[in-house]
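Visitor: Before I ask anything, here is the structure I am working with.
The values are calculated or read from the model by the stated rules, or taken from the named source; none is laboratory data. Please read these numbers as outputs of a predicted model, since none were measured by experiment. As a convention, Cβ positions derive from the backbone with ideal geometry for all residues, glycine included, and neighbour counts pool all protein chains shown. Just the protein is used for accessible areas: all its heavy atoms, side chains included, with ligands, DNA and RNA removed. Shrake-Rupley method; radii C 1.70, N 1.55, O 1.52, S 1.80 Å.
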Amino acid sequence: MNLSIKHLLGLEGVPKDDINTILDTAFSFREVLERPVKKVPTLQGKTVVNLFFEPSTRTRISFELAEKRLSADIVNFSASVSSLRKGESLKDTVQNILAMKVDTIVMRHSDPGAARLLTRFVDAVVINAGDGTHEHPTQALLDMMSMREKLGTLEKVNVAIVGDIKHSRVALSNIYGLTTMGANVVVCGPPTFIPFGIEKLGVKVMYDLDEVLQFADVVMVLRIQKERMGKGFFPSLREYRKQFGLTRERLEKVRRKLIIMHPGPMNRGVEIDSEVAESEHSIILHQVLNGVAVRMAVLFLLVGGKRG
Amino acid sequence: MEIKKLERKLLLTNCLIVDFEKSDFVRADILIENGIIKEVKANIEVDNNFKKIDLKGFVVSPGFIDVHVHFREPGYENAETLESGARAAVSGGFTQVCCMPNTEPPIDTQEGVKFVYEKSENLPVYIYPIAAITKKRAGSELTEMVELAKVGAVAFSDDGNYVQNPLVMRYAMEYSKLVDKPIVEHAEDELLKDNGVMNESFVSTRLGLKGNPYIAEEIAVYRDLALARFTGARIHIAHVTTARSVDLIRKAKKEGVKVTAEVTPHHLTLTDSYMENFDANGKIAPPLRSEEDVEALVEGLKDGTIDVIATDHAPHPIETKETTINEASSGIIGLESAFGLIMTNLVHKRNLPLIEILKKITINPAKIFGLRIPEVKRGVQANLTVFDPDEWWVFSRKTIYSKSYNTPFLGYEFLGRVKQVITKGYRVIV
């Protein structure tokens, strides 16, 4: 059970076999998480640094929990108390931390390519926990795990990703992962949120959500970020909700079985209605549990097998 | 590299001299006395007081010119100084350069212009300041162009910034007719650019990097061509990067607009796919574009739409490049790699005629910017660059004389190398 990759920087170019191995391993860790004693000694003696240069609650907690369940030693570092504010460079910060002999870095950063850059400076295994508008591979893996759990396969599954595709690392990682796994991906959102040439990644672009809902097996709803408001991408939240919101009214018209996902945090009443988020179709909370399992799998496969 | 005072009596033998008038090479000897070319003919006989240098196998060209460099002084001496910039220039074969005014303070006063001349007086390269179009390069109030021209500003530019306000640019162009110097425009509409960090393309989509669309440049180019047509002023479009910009300039030239244009060696060589490894040495303003754009730029060079090759030599300390693309500074050094890139890619690989290409780094820029016209002929000051068109060499830290080494070309193999430079009373052995 070895991966061809040394780090998890993104899902672009990650082979199908690797993704299958990660998902299979994640399912076995899911069983561990259902046990009364949820801890295994796999990463005993290994040190993991969680470097969060951008605020995050769920991803950080999910990684921490995964690390603790694997018995790793953990160091947490977040930007609000960091030396970066004092003008120290990313390179210096990271090299300082590594001088303390750590094995793995889990990093969240606001800039695309930050995780990749890190691998140039350090020897440790690097796991990207989100780099700006580039990738968020563990999120996509947990999404794929959740889909596979519900549907048994990813092959030929119709997945619709709805919302701000242009600024979404979740969307991009899912597009890379899902297309590798043989799923059919549709992106849907206002044209101002559809990035240049996205169809060349093997996805279909559609603007009519009702039409998309006629054939989608999975609808992944993306968060509308407040900072995009007033920038001219779309005229108002009201119109956005009417055109692209997963509303109760819209869903009532669909007479098919749908799986509804959201990477969180949700803007209830904007991109998704509360009733929809909590409906029988929704697997949003399920995604969260799978998140811990997938992160355990990634840590185990990338770090576990190595001698310190 | 060795920089020394030019010998009082010098004979260069077996030279293959570039002759633009004949559009050919002429084999001859060159006799130089007290810095002046006294004779150019075959088999010159001299007495023992002459230092003789055999240049067999080498080409002797009029001295190279780069009309777009950033020497960072005053203000950013950690990145470059006039002195280190001069060494970088001469090592790349350049005998005359024009430096941009985005210093701190910007070159927008007579003192600033004089500072560059005074500081560079004894340096082995002629350095001419380009002064700002607007005070503090802020894009609103015109600088005192007449006063600045009087003390030697060779052109006007807010390079790095686009003069966003079209009315200010209109007045700048109209007013510049008093001095008959070109307005050099960094054509990128700031609003459309919207802090994009690379060419907006399928590559930027794949990398999640914020795109800077080609329309930001093309709309800026179009506006300035329209203003130049309307005002009758002379404009020079810096670092053209897109196919449609080339088309727009080609058409404007046919219509008689007084426009000239330049392209950089890197925009002729690399595409935005360079960004795939997230190396900030690929972050340049305007950005690296697509393969079709590169082909159109080469076409523009061939048909004369693009008059000049200029480096946009932009030194930055390494720590501002060893970071994320968003954080990194824009630009790369270019003086030391320019000739290697030009020879390797344009002359050897693409078979562009050497003499035509040399015009783009010698007489064309000299005429546009009113500099010393470099010529290898009797009676003029010796201002020449000697190169071996067929020497392979590897571009490395050792071949860089700039204070900074922010370049994507380290490790590149070049075919064609500068060997010697004679200018300003110096002889430089590279």
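Visitor: Give me the residue from segment B:18-65 that is under 27 Å from the mean Cα position of the chain (by Cα) and polar (S, T, N, Q) and, out of that set, surrounded by the most Cβ atoms within 10 Å (Cβ to Cβ).
Guide: Filtering segment B:18-65 for residues that are under 27 Å from the mean Cα position of the chain (by Cα) and polar (S, T, N, Q), the one surrounded by the most Cβ atoms within 10 Å (Cβ to Cβ) comes out as B:61.
Visitor: Does any residue in segment B:378-404 that is surrounded by fewer than 15 Cβ atoms within 10 Å (Cβ to Cβ) come within less than 6 Å, Cβ to Cβ, of a residue that is part of a loop (DSSP other than H, G, I, E, B) six or more places away or on a different chain, and which pairs are these?
Guide: From segment B:378-404, the pairs are B:397/B:405.
Visitor: Search segment A:29-46 for residues that are free of Cβ contacts under 8 Å to residues at least 60 places away in the same chain and pair each with any residue that is part of a helix (DSSP H, G or I) when their beta-carbon atoms are under 7 Å apart and the residues are at least 6 apart or on different chains.
Guide: From residues that are free of Cβ contacts under 8 Å to residues at least 60 places away in the same chain, the pairs are A:38/A:32; A:38/A:69; A:39/A:69; A:40/A:32; A:40/A:69.
Visitor: Continuing with this model, one more query. Consider segment A:209-229. How many of its residues are out of contact with any helix residue (DSSP H, G or I) (no Cβ under 9 Å at 6 or more places or on another chain) and either away from chain B (no Cβ under 14 Å) or at pLDDT 95 or above (or both)?
Guide: Final tally of qualifying residues: 7.
Visitor: Go through segment B:79-127 and give me each residue that's open to solvent by 20 Å² or more (accessible area, probe 1.4 Å) and within 18 Å of residue B:369 (Cβ to Cβ).
Guide: B:102, B:117, B:126, listed by residue number.
Visitor: Also: Among the residues of segment A:129-166, how many are in a helix (DSSP H, G or I), over 18 Å from residue A:257 (Cβ atoms) and open to solvent by 10 Å² or more (accessible area, probe 1.4 Å)?
Guide: 1
Visitor: Of the residues B:162, B:175, B:214, which is in contact (Cβ under 8 Å) with a residue 12 or more places away in the chain and surrounded by fewer than 21 Cβ atoms within 10 Å (Cβ to Cβ)?
Guide: It is B:175.
Visitor: Checking residue A:101 against (1) modelled with pLDDT under 95; (2) in contact with a helix residue (DSSP H, G or I) (Cβ under 9 Å, 6 or more places away or on another chain), only one condition comes out false. Which one?
Guide: Answer for residue A:101: the failing condition is (2).
Visitor: Please go through segment B:160-213 and pick out each residue that is hydroxyl-bearing (Ser, Thr, Tyr) and within 14 Å of chain A (Cβ to nearest Cβ).
Guide: B:201, B:204, B:205
Visitor: OK, next. How many residues does segment A:102-115 contain that are within 10 Å of another protein chain (Cβ to nearest Cβ) and either open to solvent by less than 10 Å² (accessible area, probe 1.4 Å) or more than 19 Å from residue A:56 (Cβ to Cβ) (or both)?
Guide: Going through segment A:102-115 one residue at a time, the tally reaches 4.
Visitor: Tell me which residues, restricted to segment B:293-341, are without any contact (Cβ under 8 Å) to a residue 60 or more places away in the chain, part of a helix (DSSP H, G or I) and away from every other protein chain (no Cβ under 14 Å).
Guide: B:294, B:295, B:296, B:297, B:298, B:299, B:301, B:302
Visitor: When only residues in segment A:173-183 that are open to solvent by 10 Å² or more (accessible area, probe 1.4 Å) and assigned to a helix (DSSP H, G or I) count, which is nearest to the other protein chains (Cβ to nearest Cβ)?
Guide: Within segment A:173-183, the match that is nearest to the other protein chains (Cβ to nearest Cβ) is A:176.
Visitor: Select from segment B:305-347 the residues that are closer than 23 Å to residue B:211 by Cα and open to solvent by 10 Å² or more (accessible area, probe 1.4 Å) and list them in ascending order.
Guide: Correct list: B:312, B:316, B:320, B:322, B:323, B:326, B:327, B:329, B:330.
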